[in-house]
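Report on the structure given below.
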Amino acid sequence: MIDIAPWQAQLRKGAAELVVLAVVGRKECYGLQILEHANAAGDIVSDGALYPLLNRLEKDGKLASRWVTDDAAHPRKYYRPTDEGAETLGAMKSAWVAFRIAMSGVVEKTP
Amino acid sequence: MSYPLADYLAALERALRSLPAEERTSIITEIRSHIEDSTAATGKPIGDVLDNLGDPLELARAYLDQRKLEDAVVHSAHGTLLVAILERATRNVAAFAFALISALLYLCSIVFMAIAVFKPIIPGNVGLWWDSHVHAFGIIYGLPDGAHELLGYWVVPVGVIAAILCYSFASKLMRVGGRQLLKTSARQLKQI
């Protein structure tokens, strides 16, 4: 059996930042909601990877956050992109689309 | 609160103790919220939810890996900064170059300081020789007879100034390098 798990882990790692920015770019979300949206169609971001990533994106000035205390018994931390985050998302999106097209052309071409 | 949750959060909190209290509390609150929401929403046993988050020490490491370099850049302790950059040097060419050049400059700084210190102790062997036979600068043994020393005791201030220049240039480089690494490569370095 050929093990491609490490390669898959690298793929997910590279994708995580774009996925998180894209999800919170649509609607302000807290951690668990981000995970639900991000992984709706397959495992992309793991629970343990998400929270440190959110922490870093916030420090890098790409995400802003606020605590909401009145929609649950415990406080939830909601994230939304800053202007810089939205700009980063736009740039990453174009790069992703170009990458996807190039990959499809090379990899999925049937003989 | 069940025991595994308390244990998990306690382990995470201990592992994050180097963070400022405010940030640590915020992380713990967010993770606790995630665990409680997950168990409530999916009905999964808490053990599964904690397994998905991973070992608390691994989780803490993911938070701290980024933090260490940041701290070093902000507080600019030379040792910490050099160690933080060296840790990355095996994984990153730019980090390796910064580490190498900075280390060389620190070394030069020590040598220049040594020249200044040893001149009064062994005056005959410290200095700058520049004539048709000898070209040498530093702490030298086995000079040919009659070699002409140019600087005399001026080698002391020259050594001190050169040492300070090397030292401040190395510090500057480390700070610029550290900041650059934070910007460009921190995201590639995340382990999880």
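The values are calculated or read from the model by the stated rules, or taken from the named source; none is laboratory data. Here the structure is a predicted model, which is why all the values come from computation and not from measurement. Virtual Cβ from ideal backbone geometry, glycine too; neighbours counted across all protein chains shown. Areas reflect the complete protein model, heavy atoms only, side chains present, ligands, DNA and RNA absent. Shrake-Rupley method; radii C 1.70, N 1.55, O 1.52, S 1.80 Å.
Residue by residue along B:47-53, Cβ atoms of other protein chains within 10 Å of the local Cβ number 2 on average.
The Cα atoms of segment A:5-107 give a gyration tensor whose axes a ≥ b ≥ c have a/c of 1.5 or more with a/b greater than b/c, which makes the shape prolate.
Projecting label points 7 angstrom from Cα along Cα→Cβ for B:Leu165 and A:Trp7 puts them 5.4 nm apart.
Run through segment A:37-111 and list the trypsin sites (Lys or Arg not before Pro) located in a DSSP loop whose Cβ has at most 10 other Cβ atoms within 10 Å. The qualifying sites are A:Lys109.
Measuring only protein heavy atoms, the 1.4 Å probe finds A:Trp67 accessible over about 100 Å². Relative to the Cα centre, the charge distribution of chain A, modelled as +1 at Lys and Arg Cβ and -1 at Asp and Glu Cβ, gives a dipole magnitude of about 140 debye.
Axis angle, to the nearest 10 degrees, between helix A:83-107 and the longest C-alpha principal axis of chain A: 20 degrees. Annotation: amide H of A:Cys29 within the under-5 Å range of A:Tyr79, sequence separation 5 or more or interchain, hydrogens built in the peptide plane. For the peptide A:66-79, the mean number of other protein chain Cβ atoms found within 10 angstrom of a residue's Cβ is 3. Taking amide H atoms as placed 1.01 Å from N in the peptide plane, the amide H of B:Gly127 lies under 5 Å from those of B:Gly138, B:Ile140, each 5 or more residues away in sequence or on another chain.
For a test of the definition: using alpha carbon positions, the gyration tensor, and the 1.5 limit on a/c, classify segment B:89-189 as rounded, prolate or oblate. Prolate.
Computed from backbone phi with θ = phi - 60° and the Karplus coefficients 6.51, -1.76 and 1.60, the 3J(HN,Hα) list for segment B:132-143 is 5, 9, 10, 10, 8, 9, x, 9, 10, 10, x, 6 Hz; x is used for glycine and proline.
Which angle between 0 and 90 degrees, to the nearest 10, do you get for helix A:5-26 versus the longest principal axis of chain A when only C-alpha atoms count? Here the helix axis deviates by roughly 50 degrees. Average accessible surface for chain A: 60 Å² per residue, computed with a 1.4 Å probe over protein heavy atoms with every protein chain in place. Assuming charge only on the beta carbon of Lys and Arg (+1) and of Asp and Glu (-1), the dipole of segment B:89-189 about its Cα centre is about 960 debye to the nearest 20.
Counting lysine pairs in chain A that sit 8 or more residues apart in sequence, or on different chains, and whose Cα atoms lie under 28 Å apart gives 16.
For segment B:18-23, putting each phi into the Karplus relation 6.51 cos²θ - 1.76 cosθ + 1.60 with θ = phi - 60° gives couplings of 6, 7, x, 3, 5, 5 Hz, in residue order, rounded to whole numbers and with x for Gly and Pro.
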